[in-house]
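Enquirer: Input: one structure, supplied below.
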Amino acid sequence: MAVREVKLCLLGDSGVGKSSIVMRFVKDTFKEQLESTIGASFMAKRLVVNDNTFLFQIWDTAGQEKYRALAPMYYRGAEAAIVVYDVTREPSFDSVKDWVKELKRNGVSDMVIAIAGNKCDLEDLREVNTKDAQEYSDNIGAIFTETSALTAVNVSELFTSIAKKLPDVDV
Ligand code: GDP
Ligand code: MG
């Protein structure tokens, strides 16, 4: 069975946990103190979903304003994007909407978009409620999940849902 390659990029504000999600998915580890991403970094990971093998080629971008202009290099030609926010920081959810607008304007039209509300382990500090984020994601036809790179909740599931939603794959 051929390996299905999937170019995917992560977008979202600095500090929401993009690199931590990638580390959890690729290496199943978590670090309190990750070096902040400069520009973008690349990792690959195989995932088997219902007997189909996917090779995720993951571009993890830096959220800082100074690198924002570089983002199109990574999301153009990507089949899937994960737009991450931090459930404890409302402004990071507003940024999701800006990223989605930008993707709809410049991305490929059939791109699979997933919205991930990360740090769901910090329930006491929550600022973004699940229902609002779910409704927003439904409206734009995106996958929605709340993740924790710390506890690993929903991280591999996020990539599995993306794999299942890719076009031309019968899984
Ligand atoms: P990025 O700038 O979006 O790549 O964010 P990082 O992955 O560098 O994470 C920023 C900070 O948030 C780091 O101190 C991480 O340890 C922390 N962090 C990331 N994910 C989680 C999570 O799911 N839960 C908690 N509690 N902290 C997290
Ligand atoms: Mg990072």
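The values are calculated or read from the model by the stated rules, or taken from the named source; none is laboratory data. Remember, it's a predicted structure, so these values are computed and weren't measured experimentally. Positions of Cβ are backbone-derived with ideal geometry, glycine not excepted, and every protein chain shown enters the neighbour counts.
Enquirer: Which one is nearest to ligand 2 (Cβ to nearest atom), of the residues in the stretch 7-48 that are under 19 Å from W99 (Cβ atoms) and β-branched (V, I, T)?
Expert: Filtering the stretch 7-48 for residues that are under 19 Å from W99 (Cβ atoms) and β-branched (V, I, T), the one nearest to ligand 2 (Cβ to nearest atom) comes out as T37.
Enquirer: Given the options A116, A149, name the one that is in contact (Cβ under 8 Å) with a residue 60 or more places away in the chain, in a loop (DSSP other than H, G, I, E, B) and either surrounded by 22 or more Cβ atoms within 10 Å (Cβ to Cβ) or hydrophobic (A, V, I, L, M, F, W, C) (or both).
Expert: Values: A116 fails: in a loop (DSSP other than H, G, I, E, B).
Selected residue: A149, the only one of A116, A149 that is in contact (Cβ under 8 Å) with a residue 60 or more places away in the chain, in a loop (DSSP other than H, G, I, E, B) and either surrounded by 22 or more Cβ atoms within 10 Å (Cβ to Cβ) or hydrophobic (A, V, I, L, M, F, W, C) (or both).
Enquirer: Does any residue in the stretch 1-26 that is of a type in the set (D, E) come within less than 7 Å, Cβ to Cβ, of a residue that is within 8 Å of ligand 1 (Cβ to nearest atom) and not in a strand (DSSP E or B) six or more places away or on a different chain, and which pairs are these?
Expert: D13/G63
Enquirer: Is it true that some residue in the stretch 24-39 is among the aliphatic types (A, V, I, L, M), within 24 Å of G107 (Cα to Cα) and either surrounded by 11 or more Cβ atoms within 10 Å (Cβ to Cβ) or modelled with pLDDT of 95 or more (or both)? It would help to see each step written out before you state the result.
Expert: Residues of the stretch 24-39 that are among the aliphatic types (A, V, I, L, M), as a first pass: 26, 34, 38.
Adding the requirement that they be within 24 Å of G107 (Cα to Cα) leaves 38.
Cutting the leftovers down to either surrounded by 11 or more Cβ atoms within 10 Å (Cβ to Cβ) or modelled with pLDDT of 95 or more (or both) gives us none.
No, every residue in the stretch 24-39 fails to be among the aliphatic types (A, V, I, L, M), within 24 Å of G107 (Cα to Cα) and either surrounded by 11 or more Cβ atoms within 10 Å (Cβ to Cβ) or modelled with pLDDT of 95 or more (or both).
Enquirer: Continuing with this model, one more query. Is it the case, given these coordinates, that V128 is assigned to a loop (DSSP other than H, G, I, E, B) and within 15 Å of ligand 1 (Cβ to nearest atom)?
Expert: Criteria met by V128.
One line per residue, one yes/no per condition, for (1) of a type in the set (G, A, S); (2) under 27 Å from D138 (Cα atoms); (3) assigned to a loop (DSSP other than H, G, I, E, B); (4) more than 10 Å from ligand 1 (Cβ to nearest atom):
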site: A44; (1), (2), (3), (4): yes, no, no, yes
site: I58; (1), (2), (3), (4): no, yes, no, yes
site: A78; (1), (2), (3), (4): yes, yes, yes, yes
site: W99; (1), (2), (3), (4): no, yes, no, yes
site: E102; (1), (2), (3), (4): no, yes, no, yes
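Enquirer: All but one of (1) touching a residue at least 24 places away in the same chain (Cβ under 8 Å); (2) within 16 Å of ligand 2 (Cβ to nearest atom); (3) under 27 Å from N129 (Cβ atoms) hold for V87, so report the exception by its number.
Expert: (2)
Enquirer: Only one of (1) part of a strand (DSSP E or B); (2) in contact with a strand residue (DSSP E or B) (Cβ under 7 Å, 6 or more places away or on another chain) fails for V48. Which number is that?
Expert: It is condition (2) that V48 fails.
Enquirer: Okay, moving on. Check S92, S20 and return the single one that is assigned to a helix (DSSP H, G or I), near ligand 1 (Cβ under 8 Å from one of its atoms) and within 16 Å of the chain's Cα centre (by Cα).
Expert: Only one candidate passes the filter, namely S20.
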